[in-house]
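The values are calculated or read from the model by the stated rules, or taken from the named source; none is laboratory data. Note that the coordinates shown come from a computational prediction; the quantities given were computed from them, not determined experimentally. In this analysis, Cβ positions are derived from the backbone assuming ideal geometry, glycine residues included, and neighbour counts consider all displayed protein chains. Please note that ligands, DNA and RNA were not included when accessible areas were found on the heavy atoms of the full protein model with its side chains. Shrake-Rupley method; radii C 1.70, N 1.55, O 1.52, S 1.80 Å.
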Amino acid sequence: MRLHILVLACVIAGCSAPPTPAADAYLVAAAAAAPDSTASLRRQQERVTGTPFVGGNAVELLRDGPRVLAAMADAIRGARCRVDVETYQIDAEEGARFAQLLLAKRAEGVEVNLIFDAWGSVSAPSALFDALRQGGVRVLEFNPAGPDLNWRDHRKMLVVDGAVVIVGGVNIDGVYRNRPGDAPGSTDPDKMAWRDASVRIRGPAAGQFQRLFERTWREQGGPPLPLAPAPPAPAPGGVLVQAVDGDPATSRPLIHRTLLSAIGLAQRSVHLTTGYFVPTPDLARALTQAARRGVDVQVVVPAYSDSTIAMAAGRSHYAVLLAAGVRIHERQGRVLHTKTAVIDGAWSAVGSSNLDWHSVVHNQEADANVLDEGFGRAMEAMFADDVAGSRTIDPAAWAQRPLPDRIGQWSARLLDYFL
């Protein structure tokens, strides 16, 4: 992201702070003393979002881009009546493969709808979208020339037949075909292997994600859609899932608020993984307070990124967090793009939202919140793997970092709002 674009965006959009959920913090403090923290967390998050946790779902964690893209392809091939795709980024090469899947399914008579972000997919040729339209796919470009250049659709979401949803951090992008060892010693994000995750949900919770898609479609002026399929009935013994959106158009930073409430209610552990770490004041405060009350707070962040300025701004926050007892790990050997959280091994979040201002203030996001200890164990195993592949920041060594590094980090911090 180049500086002149950031300055232009500032002039056009103006600057504001993320909403401060003071009332949420008060209620979290009142609920923290409750003996059943999971039940308290569920009540708090349903109150904040107005969206219930829905039971009866089968939930599977999908690690890394190749597995996610393969799962998306399988779901599309199995569609019987409708496919809805909402994505930030489509590139030329992977986008062409994906377009063929959509066109083949549309040729079978299945309704196919696609929302793509104008900025994130700027590298995709217009011919790709023209071919989709000619093949009968409804295609909608998100905010192509809106008054706020920062307002982006950052979701990565597929909903099939109102029954299956795949949501997470994986774009339709050829970088996921890079393998470890393809470019030894390289720090070029376009050549390195990427680390990412999504979640596949089968069950009635898919209906909540369907509604998020349809709301965006309407708000962006898309043509009327056929009636969506009814979600399936809950499966006995299934998992509790809640769809949560971040929607700057309605000033509803619900993902940010649910994460803060989960951190505020944590009793044992807060384990976060993010591709972009530029915490808001509320998030930094929540992490330091949790660490100071004895919670094991750890964050895995990138050591390499396609946004070096965001990485520098994030590092400007390390000193305060480290002093409070937060452990910070920088992932080595991969470009970290994962956006996940697991708290007390029971509450998990997987989605498109990063721990940065852009996700809170500017972006359309979608996360799946999951209440289940079995899924939590899978999340903790993935987190442990990322920690093992990381360099842990030593507080004493960090305090001795060179002056030019400090100056660069604090300079980048001036642009927190846009990162």
Just tell me which lysines come within less than 19 Å, Cα to Cα, of residue 339; anything on the same chain fewer than 8 places away is out.
-> 156
In segment 327-419, what chymotrypsin sites (Phe, Trp or Tyr not before Pro) fall in a loop by DSSP, with at most 11 other Cβ atoms inside 10 Å?
-> none
Given the rule -39500 (n - 2.57) for each run of at least 4 DSSP H residues, summed and divided by the residues of the chain, what is its mean residue ellipticity at 222 nm, to the nearest 500 deg cm²/dmol?
-> -11500 deg cm²/dmol
Applying the gyration tensor rule to the Cα atoms of segment 331-392 (axes a ≥ b ≥ c; rounded if a/c under 1.5, else prolate if a/b exceeds b/c, else oblate), the class is oblate
Could you provide, to the nearest whole Å², the per residue accessible area of segment 148-244 with probe 1.4 Å?
-> 39 Å²
Segment 284-391 shape via C-alpha gyration tensor axes, a/c threshold 1.5 = rounded
Find me the longest stretch of the chain that has none of the exposed trypsin sites (Lys or Arg not before Pro), where exposed means in a DSSP loop (not H, G, I, E or B) with at most 15 other Cβ atoms within 10 Å.
-> 294-419
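If you count only protein heavy atoms with a 1.4 Å probe, what accessible area per residue comes out for segment 69-111, rounded to a whole Å²? Write out the running numbers ahead of the final one.
Numbers: 1810 Å² over 43 residues.
That works out to 42 Å² for each residue.
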Listed residues 54, 244, 320; largest mean-square fluctuation, Gaussian network over the chain with Cα springs below 10 Å, found at 320
For segment 219-292, what class follows from the C-alpha gyration tensor (a ≥ b ≥ c being the square roots of its eigenvalues): rounded when a/c is under 1.5, otherwise prolate if a/b is larger than b/c, else oblate?
-> oblate
Connecting every pair of Cα atoms under 10 Å apart in the chain and solving the GNM, the largest mean-square fluctuation among 75, 323, 145 falls on 145
Carbon plus sulfur fraction of accessible area for the chain, probe 1.4 Å, in percent = 56 percent
Percent of beta bridges antiparallel (DSSP, the chain, rounded to nearest 5) | 65 percent
How much area per residue is accessible in segment 293-345 when the probe is 1.4 Å and only protein heavy atoms are counted (Å²)?
-> 28 Å²
